[in-house]
Amino acid sequence: MLCLRFTEPKEGLMATAFASEAAHIHDLGHLSAVDIARATRVDESTVRAWIRGDRSPSGERAERLAELSSIVERLVKVVQPSYVPVWMHKPLAPLGDEKPLDLVRDGHYRNVLRVVSGLEGMPTS
């Protein structure tokens, strides 16, 4: 799990941390640049620049990225990482048959986290 902490927030360091989150969820959750772009409402090329560390998200895009990261970090504890993209694209009954990726995009990540929380509480075999 990636956990970056800064004692004194500095704009450049925070921007770099957000760019690192894009690479982190790309690798950890097997999400494509297209998936991340969909959740953050940016072009795929922008996400690729984040993953390379050439650019960093800010504002609402950074918030969506952080929310997506929180979901992915918890989700990989209860499903195979390779299944994360499928789960994020799947209409889910507990979400009113909405797709988790679209709910994140629209700022409703808490609804998705409630479903993930339910999965965390399920017994595993």
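FYI, it's all coordinate maths here, none of it is from the lab. Note that this is a predicted model, so its numbers are computed, not measured. All Cβ positions, even for glycine, are placed from backbone atoms using ideal geometry, and neighbour counts span all protein chains on display.
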In order through region 30-37: 3J(HN,Hα) via Karplus (6.51 cos²θ - 1.76 cosθ + 1.60), integer Hz, x for Gly, Pro = 6, 7, 7, 4, 5, 4, 5, 4
task = Using a 10 Å cut-off on Cβ atoms, rank the peptides 83-91, 16-24 from the highest mean neighbour count down.
result = 16-24, 83-91
Ranked by how many other beta carbons lie within 10 Å on average, peptides 28-39, 107-118 from highest = 28-39, 107-118
remark   = Kirkwood-based Rg/Rh on the Cα set of the chain evaluates to 0.97
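For D43 and E63, compute 0.36 nm times the residue count separating them, minus their Cα-Cα distance, and round to one decimal in nm. Intermediate results must be reported in sequence, preceding the final value.
Values: separation 20, 0.36 × 20 = 7.20 nm, distance 1.63 nm.
Between D43 and E63, full extension yields an extra 5.6 nm.
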